Every structure is written in structure tokens, then in C-alpha cells.
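Report on the following structure.
Derivation of every value follows stated rules applied to the coordinates shown; laboratory data play no part. No experiment lies behind these values; they were computed from the predicted model shown. For neighbour counting, all protein chains shown are included, and Cβ atoms are generated from backbone atoms with ideal geometry for every residue, glycine included.
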Amino acid sequence: DSEIDVYGLTHQGKVRKTNQDNFLVATLHKRVDVKYSSLAPGDDNISGEERLAFIMMVADGVGGTEHGEAASRFAVESVSNYVSEAMRCYYGAQGTSEVSLAEVLEQAARQCHESVCRHAEEQTIRSMATTLTLFLGAWPWIYLLQVGDSRCYRLREGELAQVTRDQTMAQELM
């Protein structure tokens, strides 16, 4: 994976006192290979396997809710578990159309949402919410899944361009 130059870092920003972000940068082989994460360290030894895809995601706990950090951590863990347990994001759609892979990613987001809601209910937590932005690169395709207002930007030749559109009431009114 020496041909890919990527790094992850989070910051609480100028408004919040705590950082409610969690992220994951990983390569997909016949398993998920974590490169960088704010979660527990993973094994980054590939042992010669060809990389099938590259995945990056960030979840930002919704500001103002008391359990935003837990929600974002739980979302990143949930999606990475979904991908690593079944590798549905690659093998489930292999041999079919790219629409199939997009549907699988949407199902991962739905399952993540259900997991966060179930966890909040089990812990009797009323305010637990997060955003999620997920990038999956499986040559020659790029898939982007975004829920909420954690934006995805593209940096090309020194120019930063917003790629996603927020899913907020304010954006809908615009």
C-alpha cells in the first residue's frame, strides 16, 4: 500500500470543548486492514495479500447531544464490523453491477443506524446521534456514502471542492 498517501486526524473545532469525532482508514483484503484510527489499534501487516479496496470513514457526534462521542465511536465500530465480518462490500457485489455495491453500502449505513438506536435504547440514552461519511475505493470505482452534515471534500491541484451535500433541514430549505 505504499502507493497510497493518506492520514487521519480529528479536532474538536473552534466551538466544542470536546472532540466527538471518530475515524477509520483501512484497506480491504479478504479482511479489513486498519491503517489509522481513533479506535483501538489494529494490525497493519498485510503479509503479501493484494489490496482489493480502500475504505475511509469519519463519524462526528452531533453537537449538543450528551452522547455524541459514543454514537460516533459506535457508528465507526458498527460499519467496520459489518464490512469485516462478511466482506459484503466487496464480495457481495462482485460480478454484479456497481449499483449493487452502492445498495450494500446503504444497507451498512442502515444497519449502523439500527445498531446505534438499539444501543441507545438498551442504555436508556435519549440523545445519541452522529453523522457518517464513508469513502470506498475499489478500482476503477469510487463510492461515497454520506449521512448528516460531515462533508466530504476533494483536494486536487491545491483546490478544495465540496463533494457532498448536507442532509439537514437548512440544506433542504436552500
Query raised in the report: What trypsin sites (Lys or Arg not before Pro) does the stretch 98-174 have in DSSP loop regions with at most 11 other beta carbons within 10 Å?
Result: R126
Query - Net charge, A161 excluded, C-beta distance under 14 Å - Lys, Arg +1, Asp, Glu -1 - result: +2
